[in-house]
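Chemist: Got a structure here, written out as structure tokens. Questions coming.
Where a number appears in this text, it was derived from the coordinates with a stated rule and is not lab data. Note that the structure is predicted; figures quoted are calculated from it, not measured. Positions of Cβ are backbone-derived with ideal geometry, glycine not excepted, and every protein chain shown enters the neighbour counts.
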Amino acid sequence: MSTPPAQPAGELRREQLLNAADRVVQREGPGASMNAIAAEAGITKPILYRHFGDRNGLITALTERHTSGLLAAVRAALNEPLERRDRVEHVLDTYLAAIESRPQVYRLLTHPESGDPTGAGNALAPALRQIAEEITKAVQVQVDLGADGPLLSETWGRAVTGMVLAVGDWWLEQRPCPRARMVQALADLLWGRLAAAADLPQAITGAAVPATPDAPAAPTG
């Protein structure tokens, strides 16, 4: 078995700095400063700027790390060989588990700081659009919706993503129930029309959701 190639020193150092940034954000929340991150990494702030340019560059790097992992996890859940109801719950649980595991990072990527000119706080938006597209493709290849299939699959992909984003945000903030109960409540809401539709032939044979060319293949953080 061949040994995987070692990461170049610069890439490895960048990963170490992102690990430090993750730890500080998890402790201090979205307002974590570059000073605190540099101290956590055991370096001076100018060195941190040398790697990422500015705070916006660091936020962009954190975004790429976490959204690539989220997208890969959602795609894998959509392709699990499960009964349809189980797959729905699995996808919902995958998303909620991801935001639950790093709540402060999630808040950093979704909630703009007051007066922040960098755009941090809207960083998750491109990933959410990609998730909507992944759900749309899964519905298109797995569920028989008849002549309205193209319209309904696009509508559902976007509607489900928006609904889960809003509910996940509220659930993470208020914690009104355990994650499993929230998954069940969301799945119950989605289940009516999905339960009534038949499988498409390729769904029965286990066809995978087509991959989007620019989507990541595996989690990075």
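Chemist: Could you work out how much longer the chain between Ala39 and His111 gets when fully extended? Use 0.36 nm per residue separation minus the Cα distance between them, nm to one decimal.
Modeler: Working: separation 72, 0.36 × 72 = 25.92 nm, distance 2.47 nm.
Length gained, Ala39 through His111: 23.4 nm.
Chemist: For labels at Ala185 and Gln26 in the simple 7 Å Cα→Cβ model, what's the distance in nm?
Modeler: Taking the two extended label points, one gets 2.7 nm.
Chemist: Tell me the net charge near Arg50. Cut-off is 12 Å between Cβ atoms, Arg50 excluded, with +1 for each Lys or Arg and -1 for each Asp or Glu. If you can, show how the numbers build up before the last one.
Modeler: Working: positive: Arg13, Arg14, Lys45; negative: Asp54.
So the environment of Arg50 carries a net charge of +2.
Chemist: How much net charge surrounds Val141 when only other residues with a Cβ under 15 Å from its Cβ are counted (Lys, Arg +1; Asp, Glu -1)? Spell out each step's value before the answer.
Modeler: Working: positive: Arg75, Arg84, Arg87, Lys137; negative: Glu80, Glu133, Glu134, Asp144, Glu154, Asp199.
Residues near Val141 contribute -2 overall.
Chemist: Sticking with this structure for a sec: Between Asp54 and Ser101, what is 0.36 nm times their sequence separation minus the Cα-Cα distance? Round to one decimal in nm. Please list the in-between numbers first.
Modeler: Working: separation 47, 0.36 × 47 = 16.92 nm, distance 2.63 nm.
The Asp54-Ser101 span can extend by a further 14.3 nm.
Chemist: Label points 7 Å out from Cα along the Cβ direction at Ala72 and Arg85: separation in nm?
Modeler: In this crude spin-label approximation the distance works out to 3.3 nm.
Chemist: While we're on this one: Label-point separation (nm) for Glu64 and Trp170, each offset 7 Å from Cα along Cα-to-Cβ?
Modeler: 3.6
Chemist: Which whole-Hz couplings ³J(HN,Hα) result when phi for each residue of region 143-154 is put into the Karplus expression 6.51 cos²θ - 1.76 cosθ + 1.60, θ = phi - 60°, listed in order with x for Gly and Pro?
Modeler: Using θ = phi - 60°, the values come out as 10, 8, 10, x, 5, 8, x, x, 5, 5, 5, 5 Hz.
Chemist: Further question on the same structure: Classify region 12-91: rounded, prolate or oblate, from the alpha-carbon gyration tensor (a ≥ b ≥ c, eigenvalue square roots; a/c under 1.5 rounded; otherwise prolate if a/b is larger than b/c)? Could the numbers behind the result be given before it?
Modeler: Numbers: a/c = 3.60, a/b = 2.84, b/c = 1.27.
Here region 12-91 falls in the prolate category.
Chemist: Using amide H atoms built in the peptide plane, which far-off residues or other-chain residues are under 5 Å from Val143 H to H?
Modeler: HN-HN under 5 Å from Val143: Leu200.
Chemist: Work through the residues other than Gln26 whose Cβ is under 12 Å from its Cβ and net out their charges, Lys, Arg +1 and Asp, Glu -1. Walk me through the numbers before you get to the answer.
Modeler: Numbers: positive: Arg23, Arg27, Arg102, Arg107; negative: Asp22, Glu28, Glu40.
That sum, taken over residues with Cβ under 12 Å, equals +1.
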